[in-house]
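Peer 1: Pasting a structure here, questions to come.
Taken together, the values in this text are just the output of simple stated rules run on the coordinates, not laboratory data. Fair warning: this is a prediction, and the values are worked out from it, not measured in the lab. Don't worry about glycine lacking a Cβ; one is built from the backbone with ideal geometry, like all the others, and counts go over all protein chains shown.
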2 protein chains.
Amino acid sequence: MSLRVQKSRTDTADRMLDLAESLVQTRGFNGFSYADIASELGVTKATLHYHFPTKAELGLRLIGRYTDVFTSALAEIDDRGDDAPHRLSAYVDIYTAVLHKQRMCLCGMLAADYATLPPPMKIALTQFFETNETWLVDVLEQGRSAGKLRFSGDPVEVARLLVSSLEGAMLVARTFGDTERFRSIAARLLNDLSPLASGQIERKPDNPAK
Amino acid sequence: MSLRVQKSRTDTADRMLDLAESLVQTRGFNGFSYADIASELGVTKATLHYHFPTKAELGLRLIGRYTDVFTSALAEIDDRGDDAPHRLSAYVDIYTAVLHKQRMCLCGMLAADYATLPPPMKIALTQFFETNETWLVDVLEQGRSAGKLRFSGDPVEVARLLVSSLEGAMLVARTFGDTERFRSIAARLLNDLSPLASGQIERKPDNPAK
DNA sequence: GTCTATAACGAGATAGAC
DNA sequence: GTCTATCTCGTTATAGAC
């Protein structure tokens with residue numbers, strides 16, 4: 001009888017994280033304050049400190065949650081059982097969804113703030129990128145073995161190229177407020193990995209209207 | 001008789017800009033303060049404000065000087081009269097030199113801070129990227145016409161891919177403190193534009209070189 | 001779990017003497 | 001051109017009441 005739903009599905013701490021995440025993704029870790037979150041949520045800064053005693057802990061929680069969500073998304077892609085090209089395309093879609101919210105990848109943004117981050121955040125941040133690269137290496141190796149992807153040399157290098165280029169493309173596209181910039185770059189990156197892509201076609205993306 | 005050298009070649013304002021530039025490139029525009037520069041230079045904050053009344057003006061001057069230096073470097077490349085592949089390689093070298101100083105590209109860093117920048121800085125920032133892209137488009141068109149570069153579609157798209165990817169590669173490489181990451185990515189980007197680069201290393205075509 | 005209140009400090013910026 | 005001194009505000013963080 002005393003059993004009840006403890007909190008609404010998005011409880012206070014989650015809403016705080018949601019807002020903090022959005023702020024970091026748009027303004028950077030040094031571009032927001034506890035006051036920003038508190039006022040937007042209609043609580044005091046002290047309440048924020050109750051849930052996240054220091055900004056360093058808040059930041060660490062942000063990276064942890066973001067990595068978890070990202071990892072889940074990768075697992076979901078794997079579950080679909082698609083071939084490598086489709087998996088890469090789905091991978092790009094994760095970035096696209098973030099950019100469409102006018103945001104930068106949380107960890108790409110934190111990479112810019114790297115020098116100013118507390119050590120625990122630095123460690124968690126590199127782990128995010130390593131997780132991404134590991135997953136991509138797996139996709140790339142499978143794809144090449146199956147003849148569905150074509151690239152030379154170490155898959156690790158290609159994985160790093162993809163992560164870096166997608167992060168950079170988000171960064172610059174956001175500056176121009178132009179998601180099309182990102183789209184065309186991502187399409188080229190994927191196209192260059194296609195066995196058919198040898199520069200032979202003049203250009204035939206899934207772009208209908210001009 | 002009253003004629004004399006007005007200031008040492010690197011005068012006060014220049015040294016302030018040098019330090020500010022370094023700070024922005026490593027910590028971001030919101031990651032440093034006037035106090036950081038003043039203490040390092042052994043002057044007071046008031047002195048800084050004499051030369052750069054507001055942080056917004058300081059930032060604007062930073063972008064202006066950085067763009068000028070960058071533009072000069074591009075002009076110098078043009079003067080060498082090399083072919084397109086060599087010009088692209090020299091372009092990458094500019095980025096490499098910055099990264100070797102453990103720094104991020106000033107404008108790549110500011111792109112992350114974009115949402116928090118004063119409007120004049122935003123405008124100057126986009127101009128930097130546009131200047132880069134314009135120069136690259138020219139190189140790409142020449143190179144393709146001369147049969148020295150191979151790529152499909154609009155050179156503008158390739159230029160955007162290059163700028164974005166190089167910026168992203170710097171960003172992530174700096175996080176890992178690993179310049180080799182950048183080097184291998186840049187090499188791949190350039191290699192993909194080479195007429196000989198068709199994944200020949202791993203493939204079986206009638207390709208001579210290995 | 002949230003509040004009021006406040007500490008302790010750093011930020012950007014200005015006034016005015018030298 | 002550089003200084004001292006100061007202002008005002010924002011920042012992270014804590015103490016203690018409710």
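Peer 1: Between residue A:11 and residue B:11, what's the calculated FRET efficiency when r is the beta-carbon distance and R0 is 51 Å? Round to 0.05. Don't jump to the answer; show the numbers that get you there.
Peer 2: Values: r = 57 Å, r/R0 = 1.12.
According to the calculation, E is roughly 0.35.
Peer 1: Given the rule -39500 (n - 2.57) for each run of at least 4 DSSP H residues, summed and divided by the residues of the protein assembly as shown, what is its mean residue ellipticity at 222 nm, to the nearest 500 deg cm²/dmol?
Peer 2: Details: 18 runs with 286 residues, N = 420.
Counting only the DSSP helices, I get -22500 deg cm²/dmol.
Peer 1: For residue B:80 and residue A:54, what does the FRET efficiency come to when R0 = 45 Å and r is the distance between their Cβ atoms, rounded to the nearest 0.05? Intermediate results must be reported in sequence, preceding the final value.
Peer 2: Details: r = 53 Å, r/R0 = 1.17.
So the FRET efficiency works out to roughly 0.30.
Peer 1: Tell me the distances, shortest first, between residue A:153 and the same position across the other copies, using label points 7 Å along Cα→Cβ, in nm to one decimal.
Peer 2: Those label-point separations list as 2.2 nm.
Peer 1: How far is residue B:76 from the same spot in each other copy, in nm, shortest first, if each label point sits 7 Å from Cα toward Cβ?
Peer 2: Between copies, matching label points for residue B:76 lie 5.0 nm apart.
Peer 1: Still on this model: Between A:44, A:72, A:91, whose Cα lies farthest towards the positive end of the dipole of the stretch A:1-109 when Lys and Arg beta carbons carry +1 and Asp and Glu beta carbons carry -1, centred on the Cα centre?
Peer 2: With unit charges placed on the Cβ atoms, the residue in question is A:44.
Peer 1: Distances from residue A:43 to the same residue in each other copy, label points 7 Å out along Cα→Cβ, in nm, shortest first?
Peer 2: 4.6
Peer 1: Here's a follow-up. Can you tell me the orientation of helix B:84-100 relative to chain B, as the angle in degrees between its alpha-carbon axis and the longest Cα principal axis, to the nearest 10?
Peer 2: Its long axis makes an angle of about 40 degrees.
Peer 1: If you don't mind, there's one more thing I want to ask. Taking Cα pairs under 8 Å and at least six residues apart, what relative contact order does the stretch A:83-197 come out at, in percent? Let's see the in-between values first.
Peer 2: Values: 92 pairs, mean separation 41.7, N = 115.
Relative contact order here is 36 percent.
Peer 1: Another one. Report the net charge of residues surrounding residue B:55, where surrounding means a beta-carbon distance below 14 angstrom and charges are Lys +1, Arg +1, Asp -1, Glu -1. Could the numbers behind the result be given before it?
Peer 2: Details: positive: B:27, B:45, B:61; negative: B:21, B:36, B:57, B:113.
Counting the neighbours of residue B:55, the net charge comes to -1.
Peer 1: Checking the table A:55/B:55; A:101/A:148; A:101/B:148; B:55/B:101; A:55/A:101 against a 29 Å threshold on Cα-Cα, which pairs fail?
Peer 2: Working: A:55/B:55 25 Å; A:101/A:148 32 Å; A:101/B:148 40 Å; B:55/B:101 24 Å; A:55/A:101 24 Å.
Those over the limit are A:101/A:148; A:101/B:148.
Peer 1: Further question: Using 0.36 nm times the number of residues separating residue A:178 and residue A:43, minus their current alpha carbon distance, what extension gain do you get?
Peer 2: Numbers: separation 135, 0.36 × 135 = 48.60 nm, distance 3.48 nm.
Difference between extended and current length: 45.1 nm.
Peer 1: Now for a separate question. To test your reading of the geometry: what angle, between 0 and 90 degrees and rounded to tens, separates the Cα axis of helix B:119-145 from the longest principal axis of chain B?
Peer 2: So the inclination is approximately 30 degrees.
Peer 1: I've got another one for you. Give me the net charge for the shell around residue B:194: Cβ to Cβ below 14 angstrom, other residues only, Lys and Arg +1, Asp and Glu -1. Could you put the intermediate results ahead of the total?
Peer 2: Values: positive: B:87, B:144, B:148, B:150, B:188; negative: A:192, B:83, B:192.
Every neighbour counted, the sum reads +2.
Peer 1: Cα axis of helix B:179-191 to longest principal axis of chain B: angle in degrees, 0 to 90, nearest 10?
Peer 2: Once rounded, the angle reads 50 degrees.
Peer 1: Which whole number gives the average count of other chain Cβ atoms within 10 Å of the Cβ atoms across peptide A:177-186?
Peer 2: Working: counts 2, 1, 0, 1, 6, 2, 0, 7, 9, 2.
Average per residue, whole number: 3.
Peer 1: Considering the dipole of the protein assembly as shown built from charges on the beta carbon (Lys and Arg +1, Asp and Glu -1) around the Cα centre, which of A:146, B:109, A:132 is farthest to its positive end?
Peer 2: B:109
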